[in-house]
Amino acid sequence: MADSTTYVTKPFLPPLEEFLPYLQEIWNSRILANGGPFHQQLEQALCDYLGVEHIALFTNGTIALITALQSLRVTGEVITTPYSFVATSHSLLWNGLRPIFVDIDPVTLNLDPTRIEAAITPQTTAIMPVHCYGHPCDVEAIGRIADTYNLRVIYDAAHAFGVRDEGGSILRHGDLSVLSFHATKVFNTFEGGAIICPDAKSKTRIDYLKNFGHAGETNVVAIGINGKMSEFNSALGLLHSNTWMSKSKNVGTSTPPTACVYMERAGLHA
Ligand SMILES: Cc1ncc(COP(=O)(O)O)c(C=O)c1O
């Protein structure tokens, strides 16, 4: 009998035979990592799909968060939400930063902007809000506070793949937005993540940082980390992009087959 159980966190995988040609290509080229062809194609495919101009792929969302903070040279205290996965505040602690927890709005479950100003001190340099469960934060109110107090805003957008507002991708707000492509996410690359960058200059700096600080073969310009996405992870992302994502007419609003099943069974329309 067919298994009719609906799993809340069952990762979506395409049929194995669809992935095999991608593996064959990796075996033929012997390019396994370091910004190979699948990595480059996936960056372009995601820019097109999400409606953003610059994206840097990462090995996972946590390393992407840590690198995003490094790239903006954030110091001191960072205002964030207590209602998130531990990676949000751990990324701050790994950078030697002090998380300052501001309570959430009980309806949206996102950082309550009306409580942020009271938590700002002379040490505050940034805000790290989370678009919890993909529900957009009050980006206008957060942006106004950041402008007034000259603070950086790094959105933890781990749950917000493909989320849009009237003006386009929700990922365009703030200084940087960070995605997770973990197995449990709407779009997965087994493990993976990305930073959405506002311009080519910030993407270049982030690309250096995720590649040991290398700017070319022999030139090391910063203290970097290894945050690169491999060709295997990129290949799975590209396969998703060439299959269920390309079937969506409305950019950013499609859902993968597993999510469609959840929604159908919950009586919602996918
Ligand atoms: C809100 C949030 N931030 C960060 C992460 C970390 O992402 P990753 O698992 O890709 O490292 C996750 C989840 O997995 C998350 O839910």
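On the stretch given as region 155-192, residues that are of a type in the set (A, V, I, L, M, F, W, C), within 11 Å of the ligand (Cβ to nearest atom) and either closer than 19 Å to L109 by Cβ or crowded, with 19+ Cβ neighbours inside 10 Å (or both) total 6. If you go through region 129-151 and pick out every residue that is of a type in the set (D, E) and in a helix (DSSP H, G or I), you end up with 2.
Tallying residues that are near the ligand (Cβ under 10 Å from one of its atoms) and crowded, with 22+ Cβ neighbours inside 10 Å within region 129-154 yields 3.
Kindly establish whether L23 is modelled with pLDDT of 95 or more, over 30 Å from I120 (Cα atoms) and not in a loop (DSSP other than H, G, I, E, B). Spelling it out, L23 is indeed modelled with pLDDT of 95 or more, over 30 Å from I120 (Cα atoms) and not in a loop (DSSP other than H, G, I, E, B). Filtering region 67-120 to residues that are part of a loop (DSSP other than H, G, I, E, B), farther than 23 Å from Y208 by Cβ, more than 14 Å from the ligand (Cβ to nearest atom) and in contact (Cβ under 8 Å) with a residue 40 or more places away in the chain leaves G76, I120. Scan region 221-234 and give yes if some residue there is within 16 Å of the ligand (Cβ to nearest atom), surrounded by fewer than 24 Cβ atoms within 10 Å (Cβ to Cβ) and assigned to a helix (DSSP H, G or I), otherwise no. The answer is yes, given that some residue of region 221-234 is within 16 Å of the ligand (Cβ to nearest atom), surrounded by fewer than 24 Cβ atoms within 10 Å (Cβ to Cβ) and assigned to a helix (DSSP H, G or I). Condition check for G192 on (1) modelled with pLDDT under 95; (2) within 15 Å of F161 (Cβ to Cβ); (3) not polar (S, T, N, Q): one failure, at (1).
Within region 99-124, the residues that satisfy the criterion of being surrounded by fewer than 15 Cβ atoms within 10 Å (Cβ to Cβ) and either within 22 Å of I195 (Cα to Cα) or among the charged types (D, E, K, R) (or both) are D103, R115, E117. Here Q40 passes the criteria (1) assigned to a helix (DSSP H, G or I); (2) surrounded by 21 or more Cβ atoms within 10 Å (Cβ to Cβ) except the one numbered (2). Would a scan of region 257-270 turn up a residue that is modelled with pLDDT of 65 or more, in contact with a helix residue (DSSP H, G or I) (Cβ under 8 Å, 6 or more places away or on another chain) and surrounded by fewer than 14 Cβ atoms within 10 Å (Cβ to Cβ)? Checked region 257-270: no residue is modelled with pLDDT of 65 or more, in contact with a helix residue (DSSP H, G or I) (Cβ under 8 Å, 6 or more places away or on another chain) and surrounded by fewer than 14 Cβ atoms within 10 Å (Cβ to Cβ).
The values are calculated or read from the model by the stated rules, or taken from the named source; none is laboratory data. Keep in mind it's a predicted model, so treat the numbers as computed, not measured. FYI the Cβ positions are ideal-geometry reconstructions off the backbone, even for glycines, and counts take in every protein chain you see.
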